[in-house]
Amino acid sequence: MEKQTEHEHSGRRSYLPFVRIEQFEAKAKSVLSRSAYAFQSTGATAEITLRENCLSFSRLLLKWRCLRGVANVDLSATVQGDGIASPICVAPSGLQGLAHPDGELAMARACTRSNTIMTASTVATFSLEDIASAAATCAARSSPQWFQLYCLTDRELTRQLVLRAEKVGYRALVMTIDLPPIGIRYVGERAFTFPPWNELANFSGAASQSASQSRRVTFDASMAWHDIDWLKSITKLPIIVKGVMSAEDATEALRRGVSGIWVSNHGARQLDSTAATIEVLPEVVHAVNGRVEVYVDGGVRNGGDVLKALALGARAVFVGRPALWGLACNGEAGVCQVLELLNKELELSMALCGCPSVHDIPESIVVPAAKYRSNL
Ligand code: FNR
């Protein structure tokens, strides 16, 4: 199995003849079952924010800057103290086995080969231990992995997840705070039913069996900011809160001593008619004022989008669906190709905007499109 993957990866011939992320999306739609595609693609209610997440990027323009010595553009970045090849990382998404039989294992291998972060979901198809070892055994070098945590009604089960993630070497906990309740996804819910908890890999082991049977396990809607204090009391891992969409919540998160703030609207799958993430990023960056790293995801579909987010203060940018489309189209090699494509576009955009390093990207290279129109 491993050999086959090596072959797949090393032969560029196995790369699809695609030059844009949208081509991966179109192919994913054609190869996935109706329900798997519905699960991946759907946004909340009328999907206004789903569209806006992408459109808001196109309302920001990049300022072209010339003669700035860009023979060597360096994409290398650091997150939570760990070096990675580029600031483009992979967001958590559940049930990746729906996209490809190797699911999260292929995703983990692709992220390791690309030397970037994979964030493994609580509701993955494979256990967090198997995902960690897939990454550890596939390349000479290892890249940091993060574990995304949902706080469950069974706190002991939640604590066990944290301890298990620590034990196998995840480098940070990403606490998703924008769910529950689960958003209304009209399109997806018609075609897709979420599997029962005890069929999810992280909950089927002997250790969690009794807990998952003794109580009805579900996402904990009673979760509140003081639960971050509880989480801090049970782990030494850095805690990153994912789902921050306001300066107020960013300030509260800082007060609780988190190590990172992740601006996200859950890929527009939760609350519709809310702002696009790139619109909210500046107010969060302003509130945080350099005290912790700020990340963003939502609607990133090309390297230019990444550059805009970096210029507006993101330390790293995460992609959800684009990585899933790569996985659906061509497993591990498909994810590698998606990441390569985005990285190439980022490198070129940085060169043309006169930015040779991700550590020095001025905010001034991002200009609202309306500014130019008002000059006419
Ligand atoms: C997600 N997302 C998500 N987030 C999370 O914290 N835990 C999870 O298990 C999931 N699951 C999930 C499944 C699917 C199919 C999607 C599309 C998304 C949200 C994800 O981490 C991220 O915030 C968005 O996907 C980013 O938006 P884009 O890149 O998909 O536009």
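The values are calculated or read from the model by the stated rules, or taken from the named source; none is laboratory data. As the structure is a prediction and not an experimental result, all values here were calculated from the model. Neighbour counts run over all protein chains shown; Cβ positions are idealised from the backbone, glycine included. Areas reflect the complete protein model, heavy atoms only, side chains present, ligands, DNA and RNA absent. Shrake-Rupley method; radii C 1.70, N 1.55, O 1.52, S 1.80 Å.
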Open item on the list: Can you give me the orientation-averaged projected area of the convex hull built on the Cα atoms of segment 33-96, in nm²?
Closed with: 8.1 nm²
TODO: Report, in debye and to the nearest 20, how large the dipole of segment 5-373 comes out about its Cα centre when Lys and Arg carry +1 and Asp and Glu carry -1 on their Cβ.
DONE: 480 debye
Task: Given charges at Cβ of Lys, Arg, Asp, Glu: the chain dipole, positive-most of Leu60, Thr137, Cys336 - done: Leu60
Task: Centre separation in Å (Cα based) which lies between segment 94-167 and segment 324-371 - done: 24 Å
Task: Loop-resident sites, segment 23-112, for trypsin sites (Lys or Arg not before Pro), counting at most 15 other Cβ within 10 Å (DSSP) - done: Arg59, Lys63, Arg65, Arg68
Task: From phi via Karplus (6.51, -1.76, 1.60), per-residue ³J(HN,Hα) for segment 226-237 in Hz, x at Gly/Pro - done: 5, 5, 5, 4, 4, 4, 4, 6, 10, 9, 9, 5
Task: Sparse-neighbourhood loop sites, trypsin sites (Lys or Arg not before Pro) in segment 287-361 - DSSP loop, at most 13 other Cβ within 10 angstrom - done: Arg291
TODO: Mind jotting down the three principal axis lengths of segment 5-373 based on Cα atoms? Whole angstrom, largest first.
DONE: 66, 49, 42
- [ ] Using just the helices of the chain, give the 222 nm mean residue ellipticity in deg cm²/dmol: DSSP H runs with n ≥ 4 each add -39,500 (n - 2.57), and the total is spread over all residues, rounded to 500.
- [x] -13500 deg cm²/dmol
Task: Surface share of carbon and sulfur [accessible, 1.4 angstrom probe, percent] for the chain - done: 53 percent
TODO: Label segment 216-274 by shape, choosing from rounded, prolate and oblate, from the square roots a ≥ b ≥ c of the eigenvalues of the Cα gyration tensor; if a/c is under 1.5 it is rounded, and otherwise prolate applies when a/b is larger than b/c, oblate when it is not.
DONE: oblate
Task: Per residue accessible area of the chain, 1.4 Å probe, in Å² - done: 43 Å²
- [ ] May I have the extent of the alpha carbons of segment 308-348 along their three principal axes, as whole Å values ordered from largest to smallest?
- [x] 32, 20, 11
TODO: Name the shape class, rounded, prolate or oblate, that the alpha-carbon gyration tensor gives for segment 212-341, where a ≥ b ≥ c are the square roots of its eigenvalues, rounded holds for a/c under 1.5, and otherwise prolate holds if a/b is larger than b/c and oblate otherwise.
DONE: oblate
Task: For Gln270, distant residues with modelled amide H under 5 Å away - done: Ala44
- [ ] Of the options Leu254, Val284, Gly298, report the single residue whose Cα projects farthest towards the positive end of the charge dipole of segment 210-299 (beta-carbon charges: Lys, Arg +1; Asp, Glu -1).
- [x] Leu254
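Pull out a ≥ b ≥ c, the square roots of the eigenvalues of the alpha-carbon gyration tensor of segment 106-171, then state rounded if a/c is under 1.5, prolate if not and a/b is larger than b/c, and oblate in the remaining case.
prolate
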Task: Selection from Ile117, Ser222, Gly243 lying farthest towards where the dipole of the chain points positive, charges on Cβ - done: Ile117
- [ ] May I ask you to list the chymotrypsin sites (Phe, Trp or Tyr not before Pro) in segment 56-159 that are in a DSSP loop and have at most 10 other Cβ atoms within 10 Å of their Cβ?
- [x] Trp64
TODO: Please give the residues of segment 164-187, grouped as numeric ranges, whose backbone N is less than 18 Å from a label point set 7 Å along the Cα-to-Cβ vector of Ser273.
DONE: 183-187
